[in-house]
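Inspection log for the structure reproduced underneath, given as structure tokens.
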Amino acid sequence: MASDNTSRGFTSNVGAILAAAGGAVGLGNIWRFPYMLGQNGGGAFLLVYILFVLLIGIPLMMTEFIIGRRSQRNVVGAYRSLSGGRKGWVLLGVFGILAAFLIYAFYSVVAGWTLNYIVMAFSGKLAGLEPAAVADTFSTFTQGSFWPLFYQLLFLVLTGLVITMGVQKGIEKVGKILMPILFLLLILMCVRSLTLSGSSEGMRFLFKPDFSKLTGQSVLSALGQSFFSLSIGMGAMVTYGSYIRKEDRLFKTSIWIALCDLLVAILAGVVIFPAVFAFGMNPASGPELVYVVLPNVFNNMPAGTLFAVIFFLLLGIAALTSTISLLEIIVAFAVEELHWKRSTASAVSTLLVFAVGAFCTLSFGPLKNVTLLNRTIFDLFDLITASYLMPIGALLMTIFLGWCFPKVEVKDELSNGGTLKCKAFELYYIILRYIAPAALVVIIISGIVG
Ligand code: PHE
């Protein structure tokens, strides 16, 4: 298409898929998913998770893409333009920016850790340590102030630089380069893990469902995790959707992205659990799983240092493509609505996020005792965004597109102006109008009631 390189968005469908898959695939898949699965009993959690991704995740991702591409705007502008400027819906866009901000604040803490662990793995500092010393290294580092803040800021600045380069030269290019590398490294790690003796127990834990371990809370966690992992419910995919070319197929694009995301989560499980079980570690150790348990695993395996470097590099790459998508939500808003320069928007947002995110970092150390409902600042940010803001944002979005927006326009956008057949449209529309909102209401309420 003649307009490809001059348009404001992605230059190709592959570019769009890789950039958006980069936004979706992140710490959520490789750090959060395995520990959630470990804490929630394994295989049964995976099954519920897959169901949520297929039944609700894909249609909702499509919904975000429709809103973004139809309006050609950032999340606030999108709701303003499609609702004809009604204040309530504009607020939903603002809600998205707020959610992005809060996620970015705590996400960048863990992203920063990956940088420190890449450096430590590379310099051999983790090699040969006793398990207690590995745990000590992690807590000494995370409970400190200077270094965790330093790495967090470094990660934020790195992300800011990519965003300053723009949609095509920054976001799309980085996605195209890093996503294939990520897959390659992940496959390499899988082979290593599966060839360890005693790996089959981990595979059983991951793939053999035991439904007695499933609670209402773990179903809520699985839903929250699917939203978090697919970046749904706060405008990331609205923003990226506004960059997808008019001739690309939104159905196909969303399915590719969601399957990529699911595949990476499952492969991360295949890397982690066989290794964890092979060396008799605890799969339910929580957020520390990849930072404390895995280094011990690496220390016990042949060529462990090399695999430690590869693994943390993988984690860093995954984190970067996601922080890019988080910052872009905020920057696209500032550029399009407030008419700031991209570089100014990127610098100011980065500083603001650091100002708030620093509290999340310090909540592992000096601010450890500042808690609400028994949770630290970091845990609160995580809980509020993944379990509440994202599902609520998604619910309101389905009400907007399913109930307050003309069906013909939805169909028009999904079928590229009627040029595609879109056989599954009616099914999609039923999910959008009834099934997704109903499921969301039940799950939000059950989460609140506990
Ligand atoms: N989906 C990302 C991950 O799995 C996290 C994310 C959430 C990114 C929301 C953008 C928006 O790591």
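The values are calculated or read from the model by the stated rules, or taken from the named source; none is laboratory data. Predicted model only: the values in this text are computed from it and were never measured. Every residue, glycine among them, receives a Cβ derived from its backbone with ideal geometry; neighbour counts consider all protein chains shown.
Quick notes on this one:
- Near pairs, Cβ below 7 angstrom, 6+ apart or cross-chain, from the range 66-82 (hydrophobic (A, V, I, L, M, F, W, C)) to any residue that is at pLDDT below 95 and not in a helix (DSSP H, G or I): 75/235
- Among (1) more than 16 Å from the ligand (Cβ to nearest atom); (2) in contact (Cβ under 8 Å) with a residue 24 or more places away in the chain, the one test that residue 264 misses: (1)
- The range 19-41 - residue that is within 12 Å of the ligand (Cβ to nearest atom) and of a type in the set (Phe, Trp, Tyr) and, of those, surrounded by the most Cβ atoms within 10 Å (Cβ to Cβ): 33
- Residue within the range 79-87 that is among the hydroxyl-bearing types (Ser, Thr, Tyr), surrounded by fewer than 20 Cβ atoms within 10 Å (Cβ to Cβ) and assigned to a helix (DSSP H, G or I) present: yes
- Residue match in the range 320-332 (condition: more than 17 Å from the chain's Cα centre (by Cα), under 30 Å from residue 56 (Cα atoms) and within 15 Å of the ligand (Cβ to nearest atom)): yes
- Any hit, the range 427-438, residues being without any contact (Cβ under 8 Å) to a residue 60 or more places away in the chain, surrounded by 19 or more Cβ atoms within 10 Å (Cβ to Cβ) and of a type outside the set (Ser, Thr, Tyr): yes
- Identity of the residue in the range 360-400, of a type in the set (Ser, Thr, Tyr) and farther than 21 Å from residue 228 by Cα, that ends up surrounded by the fewest Cβ atoms within 10 Å (Cβ to Cβ): 371
- Selection count where residues are buried (at least 18 other Cβ atoms within 10 Å of the Cβ) and of a type in the set (Phe, Trp, Tyr), scope the range 139-152: 2
- In the set (1) under 20 Å from residue 82 (Cα atoms); (2) touching a Lys or Arg at 6+ places or on another chain (Cβ under 8 Å), the condition left unmet by residue 420 is number (1).
- Residue 336 meets the stated requirement of being more than 16 Å from the ligand (Cβ to nearest atom), part of a helix (DSSP H, G or I), closer than 20 Å to residue 100 by Cα and acidic (Asp, Glu).
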